[in-house]
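Enquirer: Quick one: the structure is below, questions incoming.
Bear in mind that the values in this text are calculations on the coordinates, not laboratory data. Because the structure is predicted, anything quoted here is derived from the model rather than measured. Heads up, the Cβs are rebuilt from the backbone with ideal geometry, glycines too, and the neighbour counts pull from every protein chain shown.
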């Protein structure tokens, strides 16, 4: 039986693990707010990690005596904290890296909002050179830029919502390309 390269797992096994992880995240994320990205989404034969972009649901909590504000749900935080922490924070952070305790695989979890979900799915799907070209060239061509993890109008700095990857492509006036065909 063929073995994956050191530090990698075959995509078939990675897909099963990704489905398990996404299924466990599902109750704590917005509807249509979880996407496997990176090498696995680009259908590479071997991957070194499971990369996921998600929109954690929020609840309103009391932040001090007189004020209330949004916070990620306890279930989301508890689940992510059940995985071995490498770096990052699921409470307020945008990124955390974990190791799955059963499968011993690295999980890169990117926590976003509905307004930057499409941008981040495109960016985290990659590959890096492709994503950088889309950000550096194509957004500027239509008067936008990526700043602080959001697509913004250059002249006003207002956020341009990208609730889906397809919406990001529509905004930059480029055709959506299947991840397997994306190259730098």
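Enquirer: Mind checking Rg over Rh on the chain, alpha carbons, Kirkwood formula for Rh?
Expert: Reported Rg/Rh, Kirkwood definition of Rh: 1.00.
Enquirer: Another question, if that's okay. State the Cα centre-to-centre distance between the stretch 13-49 and the stretch 61-78 in whole Å.
Expert: 27 Å
Enquirer: For labels at residue 147 and residue 89 in the simple 7 Å Cα→Cβ model, what's the distance in nm?
Expert: Modelled inter-label distance: 2.6 nm.
Enquirer: Neighbouring Cβ atoms within 10 Å as the yardstick, rank 83, 153 fewest first.
Expert: So the residues, fewest neighbours to most, are 153, 83.
Enquirer: Now for a separate question. Measuring from the lowest to the highest alpha carbon on each principal axis, how far does the stretch 77-135 reach, largest first, in angstroms?
Expert: 36, 23, 14
Enquirer: Right, something else. Once you have the Cα-Cα distance between residue 78 and residue 140, take 0.36 nm times their residue separation minus that, and quote the gain in nm to one decimal.
Expert: Contour length minus the Cα-Cα distance gives 18.3 nm.
Enquirer: By count of other Cβ within 10 Å, fewest leading, how are 22, 54, 29 ordered?
Expert: 22, 29, 54
Enquirer: Would you list 132, 11 from fewest to most Cβ contacts within 10 Å?
Expert: Taking fewest neighbouring Cβ atoms as first place, the list is 132, 11.
Enquirer: Could you pull the Rg and Dmax for the stretch 9-111, using just the Cα atoms, both in Å?
Expert: My reading of the Cα-based Rg and Dmax gives 14.6, 54 Å.
Enquirer: Follow-up. So, in nm, how far is label residue 20 from label residue 32 when the simple model puts each one 7 Å beyond its Cα toward the Cβ?
Expert: Distance between the two pseudo-spin positions: 3.0 nm.
Enquirer: Could you give the alpha-carbon Rg of the stretch 117-174 over 2.2 N^0.38 Å, rounded to two decimals?
Expert: 0.97
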